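The values are calculated or read from the model by the stated rules, or taken from the named source; none is laboratory data. Here the structure is a predicted model, which means the values were calculated and not measured. Virtual Cβ from ideal backbone geometry, glycine too; neighbours counted across all protein chains shown.
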Amino acid sequence: MQDFNDQIAFITGGASGAGLGQAQVFGRAGAKVVIADIRAEAIDQALAALRAEGITAHGLVLDIMDRAAYARAADEVEAVFGAAPTLLFNTAGVNSFGPVENTSYDDFDWIIGVNLGGVINGMVTFVPRMIKSGKPGHIVTTSSLGGLMGSALAAPYSAAKAAVVNLMESYRLGLEKHGIGVSVLCPANIKSNIAEASRLRPAQFGQSGYVENEDSIASLHSIHQHGMDPVELAEHVKRAIEANQLYVIPYPEARDGLRAHFDRIVESVLPLEADPEGARLRTEALQNWAADRARVFMEKQE
């Protein structure tokens, strides 16, 4: 996608941080912007700022864990703008830090529910509508550098973000034939208010194994205040969409660590000469299965 004028962009977490940066950048490029956020007051402030720039913007309150609310949000977008989004940004996320061995069920349910479940809800809600529209589109989902390797202090977050990377790789393969591009953004620090996420934690997920208080929030702010500016990050995302780029990792300090991590994975794979016949048989079986499934699917579509 090269021209963003009159595209409809739906952005979760759009009232602040990375989401607001996306709303600003793509709104300035001519897109009509929908910001979805769980905080009504933040939406009002963001809308005022966007509209002051002449950006066409609509806001709605959305808990991305609520599938029925997501469907209503999609209907609202079509009612307001007359069409489904052509740009989908799954940006909203939460985090909480603590030793992996102290992680509670509620920690897993909340953090994975938002960071993975919320993305799933966005994809299942909007992808069929985007396909049905017949228009070219693009989807950008925010994962994290933490999704590319484990973390002893952010295990649920890293697990959810790892699943998001894998999920976007899968959608990338599946949506190409529909003219819909898919990118996954893997940022490090962003100048955002994600440090405040624990204040939004629902009561039903209140039993945490971590220490969450004013000191822990202030500690996180000390990191994020030096993060990448959300508008700068969104500019990288815009260029990635224009290039139809799958992975978006605009953090040069991450290169060496990622290379070392993935080199260890590749080096653990046995060489082909260790089992050439087994490798051949397994590969052929998988290829034959894939071809058969594709044939069955095409027959059902006819």
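Quick test for you: out of R255, R259, R264, R239, pick the one residue that is more than 25 Å from the chain's Cα centre (by Cα), modelled with pLDDT of 85 or more and outside any loop (DSSP other than H, G, I, E, B).
Details: R255 fails: more than 25 Å from the chain's Cα centre (by Cα); R259 fails: more than 25 Å from the chain's Cα centre (by Cα); R239 fails: more than 25 Å from the chain's Cα centre (by Cα).
The conditions single out R264.
What number of residues within the range 95-133 satisfy the criterion of being in contact with a Lys or Arg (Cβ under 9 Å, 6 or more places away or on another chain) and in a loop (DSSP other than H, G, I, E, B)?
Selection size over the range 95-133: 1.
Need pairs with beta-carbon distance below 7 Å; first residue without any contact (Cβ under 8 Å) to a residue 60 or more places away in the chain and within the range 173-189, second surrounded by 23 or more Cβ atoms within 10 Å (Cβ to Cβ) and not hydroxyl-bearing (S, T, Y); sequence gap 6+ or separate chains.
If the second residue must be surrounded by 23 or more Cβ atoms within 10 Å (Cβ to Cβ) and not hydroxyl-bearing (S, T, Y), the pairs left are L175/V182; I180/M130; I180/G137; I180/H138; I180/I139.
Those residues that are among the hydrophobic types (A, V, I, L, M, F, W, C) and not in a strand (DSSP E or B), I need them from the range 1-37; list them, please.
M1, F4, A15, A18, L20, A23, V25, F26, A29, A31 - these are the residues of the range 1-37 that are among the hydrophobic types (A, V, I, L, M, F, W, C) and not in a strand (DSSP E or B).
Would the range 52-61 turn up any residue that is more than 15 Å from M123 (Cβ to Cβ), surrounded by fewer than 17 Cβ atoms within 10 Å (Cβ to Cβ), of a type in the set (S, T, N, Q) and touching a residue at least 12 places away in the same chain (Cβ under 8 Å)?
Yes: one or more hits.
Can you go through A42, A48, A83 and tell me which one is part of a loop (DSSP other than H, G, I, E, B), surrounded by fewer than 22 Cβ atoms within 10 Å (Cβ to Cβ) and either without any contact (Cβ under 8 Å) to a residue 12 or more places away in the chain or of a type in the set (A, V, I, L, M, F, W, C) (or both)?
Only one candidate passes the filter, namely A83.
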